[in-house]
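Some notes on the structure that comes next.
The values are calculated or read from the model by the stated rules, or taken from the named source; none is laboratory data. Quick caveat: nothing in here was measured; it's all calculated off a predicted structure. Here Cβ is always computed from backbone atoms with ideal geometry, including for glycine, and neighbour counts include all displayed protein chains.
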Amino acid sequence: MKALLLVGGFGTRLRPLTYTRPKHLLPIANRPHIEHVFDLLRRHGIHEVVLLTSYLGDEFAPMVAAAKERGMAVDVAHEPEPLGTAGGIRNASHLVTGTFLVFNADVLTAADLGAVVEFHNARRALTTIVLTPVEDPSAYGVVPTSADGRVLDFIEKPPRSEAPTNLINAGIYVMEPEVLERIPADKPYSAERELFPGLVAGGERVFATGTHAYWMDIGTPRKFLQANYDALEGAFPTDAVGAGAGAVLADAVVAAPGARIAASARVSCSCLGRDVVIEDGAAVERSVLFGGAVVGNNATVVESIVGEGAVIGAGVSVVGQTVADGSKIQTTQ
Ligand code: GTP
């Protein structure tokens, strides 16, 4: 079975980090996020992938080469202008060979894909949507279903008290090739807002099944950080060390090769990229530092993302910030 991975969005909520790379290449436990998606697929025996690229699509080239070396077959369907989540799928029609999986590839999950495909086949569904529970569904699209899993409705961002369910669309789908004919060609079209509601309204066999496995989309700085904490705490399978991403030190810290932590510095629950330097007396807590970042003497970095090569000056305190690649922060104010 092939998996189509949607990776063409602008990732605006993760700017400025996504001005220079798609969000799928941001590091989770020091490995590009998309590699964790590849791992999940491989664990389920899925070795054929189609990347649905648009924004900064060329940035995926090194990752595609590495995946091919590890035995994956990777095709790319590129959209010169983004076609939306359904339009991107349609744009890869020529690469679809049978029942296929689709992923919003900014999702980190340990979902049991085999069980989802089994559910889909047992119901002879046209499309199956994976659902995941969230505490507060009011920021999401919720999907009520009948007892046998048939999708009844799509409700966008319901007020919390009125949400009929806390199950939201997890951005993972199984589809039959016939779905492709329901997507208009060469124009932007949304899976969540147009395709699925249209299929349900037309009485098509759209089903949904829940997963209680780990699930997190990495689309905001807060959720990107949370995904890293979860990786450090072993909430989902990751071979960060096996892939050469770095050593796991005490206090849930992953440090890539070349990272240097002064003996008097304190680092906890953080991921340090290649050649990161933490100088004397500095404190780094619940943060992700990209390659080449420097934290100066007695500086403090808490719950922050520090971009590539950024420098946090001596004595400066950075709390809850996203620091752009190459920035030099010299003041706390
Ligand atoms: P924001 O700009 O921060 O809202 O995020 P986004 O639009 O990049 O991502 P969103 O969470 O809305 O999209 C879910 C997934 O679909 C992500 O993996 C996106 O990269 C991908 N995606 C969104 N729009 C497109 C598109 O037009 N084409 C393709 N190929 N992928 C898309």
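Quick notes on this one:
- Residue in region 7-63 that is farthest from Asn91 (Cα to Cα), counting only those that are part of a loop (DSSP other than H, G, I, E, B) and charged (D, E, K, R): Arg15
- Residues of region 5-47 classified as more than 11 Å from the chain's Cα centre (by Cα) and more than 9 Å from the ligand (Cβ to nearest atom), total: 18
Table: residues versus (1) buried (at least 17 other Cβ atoms within 10 Å of the Cβ); (2) under 21 Å from Ser93 (Cα atoms); (3) among the aromatic types (Phe, Trp, Tyr).
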residue	(1), (2), (3)
Gly149	yes, no, no
Glu162	no, no, no
Ala170	yes, no, no
Val179	yes, yes, no
Gly198	no, yes, no
Gly203	no, no, no
Val206	yes, yes, no
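- When Arg150, Arg193, Arg205, Arg182 are screened for being of a type in the set (D, E, K, R), modelled with pLDDT of 90 or more and within 16 Å of the ligand (Cβ to nearest atom), only Arg193 passes.
- Residue list for region 251-272, restricted to those being of a type in the set (Asp, Glu) and either surrounded by 15 or more Cβ atoms within 10 Å (Cβ to Cβ) or farther than 17 Å from Glu233 by Cβ (or both): none
- Residue within region 83-90 that is surrounded by 22 or more Cβ atoms within 10 Å (Cβ to Cβ), more than 8 Å from the ligand (Cβ to nearest atom), in the same structural domain as Ala170 (by TED's automatic domain parsing) and charged (D, E, K, R) present: yes
- Residue count, region 308-323 (criterion: in contact with a helix residue (DSSP H, G or I) (Cβ under 8 Å, 6 or more places away or on another chain) and surrounded by 24 or more Cβ atoms within 10 Å (Cβ to Cβ)): 0
- Qualifying residue in region 99-107 (condition: surrounded by fewer than 15 Cβ atoms within 10 Å (Cβ to Cβ) and in contact (Cβ under 8 Å) with a residue 24 or more places away in the chain): no
- In region 304-333, the residues that are assigned to a strand (DSSP E or B) reach residues that are surrounded by fewer than 18 Cβ atoms within 10 Å (Cβ to Cβ) and at pLDDT below 95 with C-beta atoms within less than 7 angstrom, at least six apart or across chains, in these pairs: Ser317/Thr332.
- Of the set (1) within 14 Å of the ligand (Cβ to nearest atom); (2) surrounded by fewer than 13 Cβ atoms within 10 Å (Cβ to Cβ), all apply to Gly114 but (1).
- Phe119 meets each of the listed conditions (1) away from the ligand (no atom under 13 Å from the Cβ); (2) closer than 27 Å to Thr220 by Cβ; (3) hydrophobic (A, V, I, L, M, F, W, C) apart from (2).
- Residue in region 64-73 that is at pLDDT 95 or above, crowded, with 18+ Cβ neighbours inside 10 Å and either under 17 Å from the mean Cα position of the chain (by Cα) or outside any helix (DSSP H, G or I) (or both) present: no
- Pair list, Cβ under 8 Å, 6 or more apart: region 209-236 residue assigned to a helix (DSSP H, G or I), other residue among the basic types (Lys, Arg): Pro221/Arg13; Phe224/Lys23; Leu225/Arg286; Tyr229/Arg286
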